[in-house]
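These notes are about the structure you will find just below.
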Amino acid sequence: MDFTGEECIAAPRDVVWAALNDPEIMRGCIPGCQSIERLSPDVFEATIKVRFSLLSATFHGLLTLSNVDAPKSYTLSAEGKGGLAGFARGSADIVLEERGAETILHYRSKAELGGRLAQLGARLLDSTSQKLAEGFFSDFNTAVVAKVAAG
(Lines give C-alpha, C1' and ligand atoms only; values in the text may rest on other atoms or scores of the structure.)
Protein backbone atom coordinates (compact mmCIF):
# COMPACT_ATOMS: atom_id res chain seq x y z
CA MET A 1 0.00 0.00 0.00
CA ASP A 2 1.56 3.26 -1.13
CA PHE A 3 -0.01 6.70 -1.04
CA THR A 4 1.05 10.32 -1.24
CA GLY A 5 -0.42 13.67 -0.30
CA GLU A 6 0.22 17.12 1.00
CA GLU A 7 -1.17 19.58 3.53
CA CYS A 8 -0.87 23.35 3.38
CA ILE A 9 -0.34 24.50 6.98
CA ALA A 10 -0.70 28.17 7.95
CA ALA A 11 2.45 28.20 10.10
CA PRO A 12 6.19 28.69 9.62
CA ARG A 13 8.29 25.60 8.87
CA ASP A 14 10.10 25.65 12.25
CA VAL A 15 6.75 25.57 14.08
CA VAL A 16 5.55 22.65 11.94
CA TRP A 17 8.85 20.84 12.51
CA ALA A 18 8.59 21.27 16.29
CA ALA A 19 5.02 19.93 16.22
CA LEU A 20 6.10 16.87 14.21
CA ASN A 21 8.51 16.08 17.03
CA ASP A 22 6.12 16.77 19.93
CA PRO A 23 4.69 13.54 21.42
CA GLU A 24 1.62 15.32 22.84
CA ILE A 25 0.63 16.79 19.48
CA MET A 26 1.30 13.47 17.77
CA ARG A 27 -0.82 11.59 20.35
CA GLY A 28 -3.74 13.89 19.66
CA CYS A 29 -3.43 13.51 15.88
CA ILE A 30 -2.69 9.81 15.32
CA PRO A 31 -6.10 8.13 14.94
CA GLY A 32 -6.63 5.66 17.79
CA CYS A 33 -3.41 6.60 19.60
CA GLN A 34 -3.72 5.57 23.23
CA SER A 35 -0.19 6.49 24.28
CA ILE A 36 3.09 7.73 22.86
CA GLU A 37 6.33 8.22 24.75
CA ARG A 38 9.72 9.46 23.60
CA LEU A 39 12.42 6.89 24.41
CA SER A 40 15.26 8.83 22.77
CA PRO A 41 15.55 11.79 20.37
CA ASP A 42 14.73 9.50 17.41
CA VAL A 43 12.58 6.74 18.93
CA PHE A 44 9.03 6.73 20.31
CA GLU A 45 7.00 3.89 21.79
CA ALA A 46 3.29 3.91 20.97
CA THR A 47 0.05 2.03 21.50
CA ILE A 48 -2.52 2.56 18.75
CA LYS A 49 -5.97 1.01 18.33
CA VAL A 50 -7.11 0.68 14.72
CA ARG A 51 -10.41 -0.55 13.27
CA PHE A 52 -10.40 -2.32 9.91
CA SER A 53 -14.02 -3.03 8.96
CA LEU A 54 -15.20 -5.61 11.53
CA LEU A 55 -11.73 -6.29 12.95
CA SER A 56 -10.18 -4.06 15.58
CA ALA A 57 -6.57 -4.38 16.71
CA THR A 58 -4.36 -2.68 19.26
CA PHE A 59 -0.78 -2.32 18.08
CA HIS A 60 2.21 -1.88 20.39
CA GLY A 61 5.41 -0.81 18.75
CA LEU A 62 8.10 1.69 17.93
CA LEU A 63 8.19 4.80 15.76
CA THR A 64 11.70 5.64 14.56
CA LEU A 65 12.98 8.81 12.88
CA SER A 66 15.75 8.52 10.29
CA ASN A 67 17.24 10.58 7.45
CA VAL A 68 16.67 13.62 9.67
CA ASP A 69 17.44 16.94 7.96
CA ALA A 70 15.99 19.44 10.47
CA PRO A 71 13.79 21.39 9.86
CA LYS A 72 13.25 20.14 6.30
CA SER A 73 12.57 16.41 6.26
CA TYR A 74 12.72 12.99 7.86
CA THR A 75 11.55 9.43 7.44
CA LEU A 76 9.20 8.05 10.08
CA SER A 77 9.21 4.25 10.29
CA ALA A 78 6.76 2.26 12.37
CA GLU A 79 6.48 -1.36 13.34
CA GLY A 80 3.84 -2.74 15.65
CA LYS A 81 2.41 -6.06 16.77
CA GLY A 82 -1.32 -6.50 17.12
CA GLY A 83 -1.47 -9.89 18.81
CA LEU A 84 -3.69 -12.37 16.98
CA ALA A 85 -4.65 -9.72 14.43
CA GLY A 86 -1.13 -9.65 13.02
CA PHE A 87 1.43 -6.92 12.49
CA ALA A 88 1.73 -3.55 10.82
CA ARG A 89 4.87 -2.06 9.35
CA GLY A 90 5.29 1.12 7.39
CA SER A 91 7.13 4.33 6.75
CA ALA A 92 6.44 7.89 5.69
CA ASP A 93 8.83 10.32 4.05
CA ILE A 94 7.94 13.81 5.28
CA VAL A 95 9.20 16.94 3.51
CA LEU A 96 8.42 20.48 4.70
CA GLU A 97 8.49 23.17 2.02
CA GLU A 98 8.45 26.84 3.03
CA ARG A 99 6.00 28.90 1.02
CA GLY A 100 5.82 32.42 2.44
CA ALA A 101 4.17 32.30 5.87
CA GLU A 102 2.86 28.79 5.16
CA THR A 103 4.43 25.35 5.08
CA ILE A 104 3.55 22.65 2.58
CA LEU A 105 3.89 19.24 4.22
CA HIS A 106 4.48 16.57 1.56
CA TYR A 107 4.23 12.91 2.49
CA ARG A 108 4.83 9.59 0.77
CA SER A 109 3.76 6.58 2.82
CA LYS A 110 3.84 2.85 2.46
CA ALA A 111 2.39 0.22 4.74
CA GLU A 112 2.37 -3.54 5.05
CA LEU A 113 0.06 -5.68 7.14
CA GLY A 114 0.42 -9.34 8.00
CA GLY A 115 -1.52 -12.04 9.81
CA ARG A 116 -5.32 -11.94 10.01
CA LEU A 117 -5.33 -8.30 8.91
CA ALA A 118 -3.76 -9.22 5.58
CA GLN A 119 -6.67 -11.57 4.90
CA LEU A 120 -9.18 -8.70 4.81
CA GLY A 121 -8.31 -7.80 1.25
CA ALA A 122 -6.05 -5.20 -0.29
CA ARG A 123 -8.84 -2.84 -1.30
CA LEU A 124 -10.25 -2.54 2.22
CA LEU A 125 -6.77 -2.18 3.73
CA ASP A 126 -5.75 0.46 1.18
CA SER A 127 -8.92 2.44 1.82
CA THR A 128 -8.58 2.28 5.61
CA SER A 129 -4.87 3.14 5.53
CA GLN A 130 -5.49 6.11 3.23
CA LYS A 131 -8.25 7.40 5.54
CA LEU A 132 -5.98 7.05 8.59
CA ALA A 133 -3.16 8.97 6.88
CA GLU A 134 -5.48 11.72 5.66
CA GLY A 135 -7.07 11.94 9.12
CA PHE A 136 -3.69 12.28 10.79
CA PHE A 137 -2.43 15.04 8.48
CA SER A 138 -5.72 16.95 8.64
CA ASP A 139 -5.80 16.75 12.46
CA PHE A 140 -2.12 17.67 12.59
CA ASN A 141 -2.81 20.74 10.44
CA THR A 142 -5.62 21.80 12.79
CA ALA A 143 -3.45 21.27 15.89
CA VAL A 144 -0.54 23.31 14.52
CA VAL A 145 -2.76 26.20 13.42
CA ALA A 146 -4.46 26.20 16.85
CA LYS A 147 -1.06 26.27 18.58
CA VAL A 148 0.05 29.25 16.44
CA ALA A 149 -3.23 31.07 17.17
CA ALA A 150 -2.81 30.48 20.91
CA GLY A 151 0.58 32.14 20.70
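The values are calculated or read from the model by the stated rules, or taken from the named source; none is laboratory data. A quick note: this is a predicted structure, and the numbers were derived from the prediction, not measured. As a convention, Cβ positions derive from the backbone with ideal geometry for all residues, glycine included, and neighbour counts pool all protein chains shown. In case anyone asks, the SASA skips ligands and DNA or RNA and just uses the protein heavy atoms, side chains included. Shrake-Rupley method; radii C 1.70, N 1.55, O 1.52, S 1.80 Å.
Only one entry in SER91, SER127 is within 30 Å of PRO12 (Cβ to Cβ) and without any contact (Cβ under 8 Å) to a residue 40 or more places away in the chain, namely SER91.
What's the total number of residues in the range 1-35 that are in a strand (DSSP E or B) and more than 30 Å from ALA118 (Cα to Cα)? Give the steps one after another, and end with the answer.
Taking the range 1-35 as the starting set, the residues that turn out to be in a strand (DSSP E or B) are 2-9, 33-35.
Next cut, more than 30 Å from ALA118 (Cα to Cα) only: 8-9.
Number of matching residues: 2.
Condition first: open to solvent by less than 70 Å² (accessible area, probe 1.4 Å), under 17 Å from GLY135 (Cβ atoms), not β-branched (Val, Ile, Thr) and not in a strand (DSSP E or B). Can you find one or more residues in the range 49-57 that meet it? Yes.
Residues in the range 69-103 that are more than 16 Å from the chain's Cα centre (by Cα), modelled with pLDDT of 95 or more and either exposed (fewer than 13 other Cβ atoms within 10 Å of the Cβ) or of a type in the set (A, V, I, L, M) (or both): ASP69, ALA70, ARG99. Of all the criteria given as (1) more than 18 Å from VAL95 (Cβ to Cβ); (2) of a type in the set (D, E, K, R); (3) touching a residue at least 60 places away in the same chain (Cβ under 8 Å), the one not satisfied by GLU37 is (3). Does the range 105-124 contain at least one residue that is at pLDDT 90 or above and aromatic (Phe, Trp, Tyr)? Yes, the range 105-124 has at least one match.
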